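Visitor: Take this structure first; my questions come after.
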Amino acid sequence: MFNVIDNLSISKAMLCLFLTVVVFTFQSCKKEETGSGNTEEQFLGCKINGKSYTFNAHVNANDRPSEEVVHFVVISGWENEDTATSPGFGIDLVLPEGAEEETYSVAGGSTSELDGQYYIQNFKDGKHIGTTVYDGGRTDGTKFTLTITSLTDWGVKGTFSGVLKLVGGSEYLTVTDGEFSAPYN
């Protein structure tokens, strides 16, 4: 009888330990999925027409490259956690020969494939009515510069600046002092 009770107690203890590990693991995953997961190493910010902006919610880069050559670099972030309503900033770089830790610039041309975008969600009476987009790089009359300072298995870090133009309009924004640190998805 004593051995049965000991075995039963050990089994209960092992089951409790197992359930504790499962619950802890689930809670850790849940926090990462529901929150921005931002740390001090994850950030995206710049000045737009001299005013400082931070886009630190859900800062991320593209999926981790599946091969050694990194053909594209995509970085994005939002001002707040609700990405459906929040203004955001994004950077896209596509290079068939592969990205390196260096500076890339484009001014109204089609190569390099480099663009920066600032986007603002527009609402009226609580309903989404559109998105205002300022784009720069390959758009006529604009320019965009991206300096990649770190390209690792963790993600990408760097700086950026440029002149963005309202899509479908004639208004321009000047972006300065941009910097980011974005982990891969």
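The values are calculated or read from the model by the stated rules, or taken from the named source; none is laboratory data. Keep in mind it's a predicted model, so treat the numbers as computed, not measured. Reconstructed Cβ throughout: ideal geometry from the backbone, glycine too, with neighbour counts over all protein chains shown. For accessibility, only protein heavy atoms count, side chains too; no ligands or nucleic acids. Shrake-Rupley method; radii C 1.70, N 1.55, O 1.52, S 1.80 Å.
Visitor: Counting only Cα, what are the radius of gyration and maximum Cα-Cα distance Dmax of the stretch 48-185, in Å?
Guide: Final numbers for Rg and Dmax: 14.9, 49 Å.
Visitor: Still on this structure, please answer the following. For the stretch 56-113 and the stretch 120-154, what is the centre-to-centre distance using only Cα atoms, to the nearest Å?
Guide: 10
Visitor: Quick one: net charge of Lys165's neighbours, Cβ under 15 Å, K/R +1, D/E -1?
Guide: Summing Lys/Arg as +1 and Asp/Glu as -1 gives -2.
Visitor: Taking a probe of 1.4 Å, how large is the accessible area per residue of the stretch 50-166, in Å²?
Guide: Values: 5880 Å² over 117 residues.
On a per-residue basis, 50 Å².
Visitor: Sticking with this one: At a probe radius of 1.4 Å, what is the per-residue accessible area of Ser161, in Å² to the nearest 10?
Guide: 40
Visitor: While we're on this one: For the ranges 98-106, 130-138, what's the packing order if you count other beta-carbon atoms within 10 Å of each residue, average per peptide, and put the highest first? Could you put the intermediate results ahead of the total?
Guide: Numbers: 98-106: 15.6, 130-138: 19.0.
Peptide ranking by packing, descending: 130-138, 98-106.
Visitor: Shifting gears a bit: For the full complex of protein chains and a 1.4 angstrom probe, list Lys51, Lys127 by accessible area with the highest value first. All intermediate terms of the calculation are to be shown ahead of the outcome.
Guide: Details: Lys51 120, Lys127 140 Å².
The most accessible residue leads, giving Lys127, Lys51.
Visitor: I've got another one for you. I'd like to know how the stretch 41-93 sits against the 2.2 N^0.38 Å rule of thumb: what's its Cα Rg over that expected value?
Guide: Dividing the Cα Rg of the stretch 41-93 by 2.2 N^0.38 Å gives 1.27.
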